[in-house]
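The values are calculated or read from the model by the stated rules, or taken from the named source; none is laboratory data. What you see is a predicted model, and the numbers here were worked out from it, not measured in a lab. Virtual Cβ from ideal backbone geometry, glycine too; neighbours counted across all protein chains shown. For accessibility, only protein heavy atoms count, side chains too; no ligands or nucleic acids. Shrake-Rupley method; radii C 1.70, N 1.55, O 1.52, S 1.80 Å.
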Amino acid sequence: MKGKYKVTRYVGVPVDTDKSGNYIIKKDPHGDFKLHNWRTGKHTKGKFKQIGQLFLTENNMLVAVVQTYPVKFKDRHDFTPLQRFTSEFLDEEQINDAKKRLDN
């Protein structure tokens with residue numbers, strides 16, 4: 001079918017920067033955070049390289065990839081498309097902390 005493209009679901013955690021400019025998981029006032037889902041879209045810029053890579057959502061929120069899953073093309077509208085991948089990464093300790101939430 002013309003116009004089809006590979007769709008991947010990205011489970012991610014919003015990130016922020018600390019006073020030193022390092023990327024950290026964005027937490028609420030209670031010190032908690034949630035994982036959310038996004039997907040590649042037809043106009044997504046950049047390429048996914050590995051877990052921990054940061055991307056921008058369509059609302060310019062910075063998110064770190066925690067896990068990926070393939071998505072059938074027909075099911076793509078179940079998830080919000082992301083805007084573009086960056087060349088930045090969240091450190092491994094932060095990613096491991098976020099991965100603990102995958103089973104919950």
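Scanning the range 8-54 for residues that are on the phi > 0 side of the Ramachandran plot and under 16 Å from the mean Cα position of the chain (by Cα) returns Gly46, Gly52. Tell me which residues, restricted to the range 61-103, are in a loop (DSSP other than H, G, I, E, B) and either under 12 Å from the mean Cα position of the chain (by Cα) or closer than 14 Å to Asn37 by Cα (or both). Selection gives Met61, Phe79, Leu90, Arg101, Leu102. Hey, among the residues in the range 49-82 that are among the charged types (D, E, K, R) and farther than 23 Å from Asp103 by Cα, which one's surrounded by the fewest Cβ atoms within 10 Å (Cβ to Cβ)? Looking at the filtered set, the residue picked out is Lys74. If the condition is being hydrophobic (A, V, I, L, M, F, W, C) and under 19 Å from Glu93 (Cα atoms), then the range 32-48 contributes Phe33, Leu35. For the range 41-59, a tally of residues being in contact with a Lys or Arg (Cβ under 7 Å, 6 or more places away or on another chain) and in a loop (DSSP other than H, G, I, E, B) returns 2. Against the conditions (1) more than 15 Å from Lys6 (Cα to Cα); (2) open to solvent by less than 80 Å² (accessible area, probe 1.4 Å), Ser87 satisfies every one except (2).
Return the residue satisfying two criteria in turn: it lies in the range 1-31 and is hydrophobic (A, V, I, L, M, F, W, C) and open to solvent by 50 Å² or more (accessible area, probe 1.4 Å), and of such residues it is nearest to Asp91 (Cα to Cα). Only one residue fits best here, namely Ile24. Going by the structure shown, is Lys34 touching a residue at least 12 places away in the same chain (Cβ under 8 Å), open to solvent by 80 Å² or more (accessible area, probe 1.4 Å), part of a loop (DSSP other than H, G, I, E, B) and in contact with a Lys or Arg (Cβ under 9 Å, 6 or more places away or on another chain)? Yes, satisfied.
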